[in-house]
Amino acid sequence: MLQDDDVQAVHKLNEAFRRITAELGKVIVGQQQVIEELLISMFARGHCLLVGVPGLAKTLMIRTLADSLSLKFSRIQFTPDLMPADITGTEVIQEDRSTGTREFRFLEGPIFANVILADEINRTPPKTQAALLEAMQEHQITVGGKRHRLEQPFFVLATQNPIEQEGTYPLPEAQLDRFMFNVFVDYPDEEEEFQIVKQTTTDVEFEITPTLTAEEIVALAHIVRRVPVADYITRYALQFTRMTRREKGPVPDFIQDYVSWGAGPRASQFLVLGAKARAVLHGRYYVSSDDIRAVAFPVLRHRIMTNFNAEAEGVKPDDIIRQLIETIPLDENEAAGSGKQPQIFRSADAG
């Protein structure tokens, strides 16, 4: 439960959300939903994969976000010749000139930062992509049998171009699952593009004012996890993942027709954590079903594996998530009276 100090922290996080959004607005035109999803994942201590065509300011957005949060930023440009040691660091032999003795010394790689921009992450082979796995899950790396803890907070924000596929290495499902959100960065509308052109074709630079320190971000992330969630909201979140698993019990016809593999337990965890973070960012002390629905798309779109039927008919994961939102009832009363998927809110003791 939230204590009095926690309630004050919720107000502080809500105020920080508005200030960070305002700072990003100095440089980034539009993309309000993308910015919100980035901040939700950050305060839920998750990682983000940003997918969008070139020129949509994905890299600039991440760099500006790091500046607005007074965090150490590191950019890794993923290329086909990048090696794991280029990310994690390596051990070198160093000689002590006074004694003549030699010893191994670990040189830290660019992963030792708070915000890691993994630019064009699918441009590098799987063995180099895998160098991020331990860091993303355990917040540590192991080199030469020794574990090295990473600085906190630690976020991996990766970018990916969905169009160009030559010379790329698609991320394995196990690594995709490490990303809390898959954020789709869309084209700006006409007025936003007009403002982008005006803003970027003049000799004006905007100064970003840091709003939170690393220590404050870590403390506020703990507040997010202490937000209470009603059991029926948790069960509501569970249905978004459980109803994508065609091998496990009754599922809607569109799941049988278009889905080959459904989402795992991490999706359920991230739905609840993301909903908590969204509620707090908006100044609320409770989680609603609207919060679950708001984070369903970035949590699930990279965890639902569609089949050939879906590809042939142009059905995307977002289309399936949209149908799930329409199918899953909000509570027992709606389930009983609407003819939607039945008995999803039954207790553990029910048959």
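The values are calculated or read from the model by the stated rules, or taken from the named source; none is laboratory data. None of these values were measured; they are calculated from a predicted model. Neighbour counts are summed over all protein chains in view; Cβ atoms, including those assigned to glycine, are modelled from backbone coordinates with ideal geometry.
Remarks
- Taking segment 173-211 as the range and being assigned to a loop (DSSP other than H, G, I, E, B) and acidic (Asp, Glu) as the test, the residues that pass are 177, 186, 189, 203, 205, 207.
- Residues of segment 32-62 satisfying the condition of being in a loop (DSSP other than H, G, I, E, B) and modelled with pLDDT of 85 or more: 44, 45, 46, 47, 52
- In segment 259-278, the residues that are buried (at least 23 other Cβ atoms within 10 Å of the Cβ) and more than 16 Å from the chain's Cα centre (by Cα): 259
- Test: residue in segment 101-116 that is touching a Phe, Trp or Tyr at 6+ places or on another chain (Cβ under 9 Å), part of a helix (DSSP H, G or I) and within 14 Å of residue 156 (Cα to Cα): no
- Counted as qualifying within segment 283-351 are the helices (runs of 4 or more DSSP H) with 3 or more residues that are modelled with pLDDT under 90 and surrounded by 13 or more Cβ atoms within 10 Å (Cβ to Cβ), namely 332-338.
- Summed over segment 171-201, residues that are of a type in the set (Val, Ile, Thr) and over 16 Å from the mean Cα position of the chain (by Cα) total 4.
- Filter result for residue 170 (surrounded by fewer than 20 Cβ atoms within 10 Å (Cβ to Cβ), in a loop (DSSP other than H, G, I, E, B), without any contact (Cβ under 8 Å) to a residue 60 or more places away in the chain and assigned by TED's automatic domain parsing to the domain that holds residue 24): yes
- Filtered residue count, segment 201-225, keeping only those that are touching a residue at least 24 places away in the same chain (Cβ under 8 Å), polar (S, T, N, Q) and either touching a Gly at 6+ places or on another chain (Cβ under 8 Å) or closer than 15 Å to residue 28 by Cα (or both): 1
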